[in-house]
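J.: Got a structure for you, questions after.
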Amino acid sequence: MIATENAQATNTQVDASRLRKLQLAGILSGFAAGAWLGAAEAPTKLVNLGISPVIISLLMVSGVFLARWTLPALIRGTTQMTVDARQAPHLILWGILAGCLWAVANTLTVFAIRDIGLSVAFPLWNLNSLLGIFWGWLLFRELRGAEKSRLWSVLGGALVMFSGATMLAVASSAQSGGIAASRGIVAALAAGALWGTMYIPYRKAYLSGMNPLSFVAFFTVGELGMMLTLALFDTGSTGALVKQLSQARDVLFWLMLGGFVWVIGDLFQQYAAKYLGISRGIPLSNTNQLWGLLWGVFVFGELHGATSGHAAKIVGGSLLMAAGAGAIALASVRRGEHANWQGARQREISRYGIGGEYVRGAITGE
């Protein structure tokens, strides 16, 4: 009976009209994610006041924790979250793992912002889009069955993004030079690698039918646990950690607000990944780098005093990466590719014994 139900769920096709609506929902979610995620990083510039990057990340994650256990409960209700956990309990562990990766990556971004600035660090860690494309193709059958024009649009967009990132890295090294710039570039790229890998649990969750509002609640357990571990390791003792947190109390509100804003952006990003896949949803949400450029230039004056050539390279590299992300994200999923996704869904159903009716929601967006 369960096998028959699972087979029916797997063979469910989405009609053309419904697929277009899901695509539109995913695209709008991706753009909204970019705006909110871009704003969320602004408070991390407080690292320039001499506050430890680890403390900044811990306080931001505390805001994330509060938001991820309040917003989902208010919107979806605790009963539905419990139902999701019972239907796919394996995703609790995957969510915690993703949260651990996010916490480490977020801490690295604070180091990167300190050393090379918001306007440069943002697009460098957004190379996670390229890793997301690779994992989507390798593990979840994304881009398979896609029309050649759309496949080349994704590959061409990836090449453009890489070129833009190279321009930014070269410009940053030439302008500031020294160990600090190199350290900032490495931190930003490492954050991108961790975030790119973090999207594997995202996709597993939505192929299994998990609602994004439920998944992020499990996700934050890993975030807070990992950040507390990193903070204790960095400070050396509980007493030293409490002392540093006390010294940062004047900026507590802004850092926790940054975490809260991040959650709103991440929720939009989750829906983009759900309806477009990680190979398209993540690049589209990474338009946050344009918002990071605006914050860095107009609010924090990061290019003040820079030569015209250096400023042109920074702005040009950011725009080039945004153009590549747009080409990738807007290469819409058609029925042929969408049907290929069902192979990945069937694997999740068979591996974890998930009910077919539950998974149907992941296919139709219900």
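J.: Working from Cα positions, state the angle (0 to 90°, nearest 10) between the long axis of helix 308-329 and the longest principal axis of the chain.
T.: Orientation of helix 308-329: about 10 degrees from the principal axis.
J.: A further question follows. Give me the percent of accessible area attributable to carbon and sulfur for segment 18-59, probe 1.4 angstrom.
T.: Numbers: 1050 of 1490 Å².
The computed percentage sits at 70.
J.: Across segment 226-231, in residue order, what do the Karplus-derived ³J(HN,Hα) couplings come to in whole Hz, using 6.51 cos²θ - 1.76 cosθ + 1.60 with θ = phi - 60° and x for Gly and Pro?
T.: Values per residue, Gly and Pro as x: 5, 5, 4, 5, 4, 5 Hz.
J.: Sorted by accessible area with a 1.4 angstrom probe, largest first, how do Asp15, Asp115, Asp266 fall? Don't jump to the answer; show the numbers that get you there.
T.: Working: Asp15 85, Asp115 25, Asp266 0 Å².
So the residues, ranked largest to smallest area, are Asp15, Asp115, Asp266.
J.: Same structure, new question: What number, in percent, do you get for the relative contact order of segment 28-152 if the mean sequence gap of Cα pairs under 8 Å and at least 6 apart is divided by its residue count? Working shown, then result.
T.: Numbers: 38 pairs, mean separation 35.1, N = 125.
Computed value for segment 28-152: 28 percent relative contact order.
J.: Continuing with this model, one more query. Highest mean first, what order results for 269-277, 119-127, 150-158, 17-25 on Cβ atoms within 10 Å? The partial results should precede the final answer.
T.: On the way: 269-277: 26.8, 119-127: 28.8, 150-158: 18.4, 17-25: 14.8.
Per-residue Cβ counts within 10 Å, averaged per peptide and sorted highest first, yield 119-127, 269-277, 150-158, 17-25.
J.: Taking a ≥ b ≥ c as the square roots of the eigenvalues of the Cα gyration tensor of segment 225-366, is the shape rounded (a/c under 1.5), prolate (a/b larger than b/c) or oblate?
T.: Working: a/c = 3.01, a/b = 1.31, b/c = 2.30.
Since a/c reaches 1.5 but b/c is at least a/b, the shape of segment 225-366 is classed as oblate.
J.: Ranking request for peptides 244-257, 98-111: highest mean number of other beta-carbon atoms within 10 Å first, then the rest in descending order.
T.: Working: 244-257: 15.1, 98-111: 24.6.
So the order, starting with the most tightly packed, is 98-111, 244-257.
J.: Provide the per-residue ³J(HN,Hα) series for segment 106-116, in order, calculated from phi with Karplus coefficients 6.51, -1.76, 1.60 and θ = phi - 60°, each as a whole number of Hz, with x at glycine and proline positions.
T.: Once rounded to whole Hz, the list reads 5, 5, 5, 5, 5, 4, 5, 5, 4, 8, 10.
J.: Same structure again: How many Å³ per residue does the convex hull of the Cα positions in the chain occupy?
T.: Numbers: hull volume 45.7 nm³, N = 366.
Considering the Cα atoms of the chain, their hull volume per residue is 125 Å³.
J.: Something else about it: Would you list Val160, Val261 from the most to the least accessible area, probe 1.4 Å? Present the calculation step by step, with values, prior to reporting the outcome.
T.: Details: Val160 50, Val261 25 Å².
Greatest to least solvent exposure: Val160, Val261.
J.: Using the basic label-point model (7 angstrom from Cα toward the beta carbon), what is the Thr70 to Gln247 distance in nanometres?
T.: The two pseudo-label positions are separated by 2.9 nm.
J.: What percent do you get for the relative contact order of the chain when only Cα pairs under 8 Å and 6+ apart count? Please report the intermediate quantities before stating the final value.
T.: Values: 619 pairs, mean separation 148.1, N = 366.
Relative contact order here is 40 percent.
J.: Could you rank the peptides 320-331, 232-243 by their average count of other C-beta atoms within 10 Å per residue, with the highest value first? Kindly include the intermediate steps, with their values, before the conclusion.
T.: Working: 320-331: 23.4, 232-243: 12.8.
The peptides rank, most packed first, as 320-331, 232-243.
J.: Which angle from 0 to 90°, rounded to the nearest 10, does the C-alpha axis of helix 53-76 make with the longest principal axis of the chain?
T.: Value to nearest ten degrees: 30.
J.: Once both axes come from the Cα atoms, what is the angle between helix 238-247 and the longest principal axis of the chain, in degrees from 0 to 90, rounded to 10?
T.: Result, in degrees: 70.
The values are calculated or read from the model by the stated rules, or taken from the named source; none is laboratory data. Values in this document were obtained by computation on a predicted structure and should not be read as measured data. Here the Cβ is made from the backbone with ideal geometry for all residues, glycine too, and neighbour counts use every protein chain on show. These area figures cover heavy atoms from the full protein model, side chains too; ligands, DNA and RNA do not enter into them. Shrake-Rupley method; radii C 1.70, N 1.55, O 1.52, S 1.80 Å.
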